[in-house]
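Everything below concerns the one structure shown next.
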Amino acid sequence: MDADSAVFAIVAFPSLEASDRQWIESIRAKHDPQARRIAAHFSLVFPTVLSRRSMEAQAARVAGATEPVRVVLRRAGVVPDAIGGGGHVFLMPEEGRDQITQLHDRLYEGALHPHLRKDIPFRPHMTIATRTTIVPLDALAAEINATTRSIRGFLSEIVLVEVTQTAIQPVAHFQLGAL
């Protein structure tokens, strides 16, 4: 790792109504250990070691050529953890899913391509719960889905974050559709 390299990821923080954001964050505060480290988001590039300059160049190029994305979240789903045991409850967009997938795919072109995890299928999602066993997650997802809540928002930027043992810090913001 050179002096410019660190662990970086690219995320998108959705713009949401305050009541929807509060509802999501209240669930995450109880059920997602990462809630204290980072606000609700869509992961687009998972943590990887690469130079900041390379990450910024790729994020800027893709963001500038990508229109903002409208998202609608209506359901939660339980997804087994692809790496370890247990699983997650994801809020998964019904509207905006294809655009988020395309954004993810374009971000992994070029310098990031060798870091693409082909063994784990990409599912656009917002993690709201993580547990070491699936059973309580099934109940939580059913409870969330019973609310029949429809959360509408949009993604207007992507954010390069640096991931350390103690923090996840935004280091650069890139507006979608800036070209």
Out of curiosity, is residue 123 under 20 Å from residue 38 (Cβ atoms), exposed (fewer than 14 other Cβ atoms within 10 Å of the Cβ) and charged (D, E, K, R)?
no
I'd like to check something: does the range 57-66 contain any residue that is buried (at least 19 other Cβ atoms within 10 Å of the Cβ) and within 30 Å of residue 133 (Cβ to Cβ)?
no
Looking at this structure, is residue 89 over 24 Å from residue 56 (Cα atoms), of a type in the set (A, V, I, L, M, F, W, C) and open to solvent by less than 50 Å² (accessible area, probe 1.4 Å)?
yes
Could you please let me know if residue 106 is within 16 Å of the chain's Cα centre (by Cα) and surrounded by 12 or more Cβ atoms within 10 Å (Cβ to Cβ)?
yes
When every residue in the range 1-38 that is touching a helix residue (DSSP H, G or I) at 6+ places or on another chain (Cβ under 7 Å) and not in a helix (DSSP H, G or I) is compared, the one surrounded by the fewest Cβ atoms within 10 Å (Cβ to Cβ) is 4
Using the structure shown, decide if residue 166 is open to solvent by 50 Å² or more (accessible area, probe 1.4 Å), assigned to a loop (DSSP other than H, G, I, E, B), β-branched (Val, Ile, Thr) and touching a residue at least 12 places away in the same chain (Cβ under 8 Å).
no
With the requirement that a residue be more than 13 Å from residue 80 (Cβ to Cβ) and either open to solvent by less than 60 Å² (accessible area, probe 1.4 Å) or of a type outside the set (Gly, Ala, Ser) (or both), what does the range 130-141 give you?
136, 140
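The values are calculated or read from the model by the stated rules, or taken from the named source; none is laboratory data. These numbers come from a predicted model, not from an experiment. Every residue, glycine among them, receives a Cβ derived from its backbone with ideal geometry; neighbour counts consider all protein chains shown. Note: areas computed on protein heavy atoms with side chains; ligands, DNA, RNA excluded. Shrake-Rupley method; radii C 1.70, N 1.55, O 1.52, S 1.80 Å.
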